[in-house]
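The structure appears right after this line, and notes come after that.
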Amino acid sequence: MQVNLGFWSLADWLAFALTLAGVWQLSSHKKSGFAINTFASIIWVAVGIHSGLSGLTALNLILILIYARGYIKK
């Protein structure tokens, strides 16, 4: 098994870790979870565009809007 630790691979893992941290914060009813998840989604969008994954890109653009709505309403 070959481990690729290029920039986009590290960005992928960073987005993964931030998504988990954001969900953890949201499950603890903390408003910071919205901001963390928004940042993670921005990274996911960049990874999706770079990889040519339109589904991942579209999903995360929609999630950014949902997180912004949640942040404003909470």
>> Quick check on the stretch 42-74: of everything there that is part of a helix (DSSP H, G or I) and of a type in the set (Gly, Ala, Ser), which residue is surrounded by the fewest Cβ atoms within 10 Å (Cβ to Cβ)?
In response: 55
> Does residue 23 satisfy the criteria of being outside any loop (DSSP other than H, G, I, E, B) and closer than 13 Å to residue 70 by Cβ?
Replying inline: yes
> Taking the stretch 37-74 on its own, how many of its residues are over 18 Å from residue 10 (Cβ atoms), within 14 Å of the chain's Cα centre (by Cα) and hydrophobic (A, V, I, L, M, F, W, C)?
Replying inline: 9
>> I'd like the residue in the stretch 1-26 that is modelled with pLDDT of 95 or more and among the small types (Gly, Ala, Ser) and, out of all such residues, is surrounded by the fewest Cβ atoms within 10 Å (Cβ to Cβ).
In response: 17
> What's the number of the condition residue 29 fails, among (1) assigned to a loop (DSSP other than H, G, I, E, B); (2) on the phi < 0 side of the Ramachandran plot?
Replying inline: (2)
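The values are calculated or read from the model by the stated rules, or taken from the named source; none is laboratory data. All figures in this text were calculated on a predicted structure; none of them were measured in a lab. Note: ideal-geometry Cβ built from the backbone for every residue, glycine included; neighbour counts use all protein chains shown.
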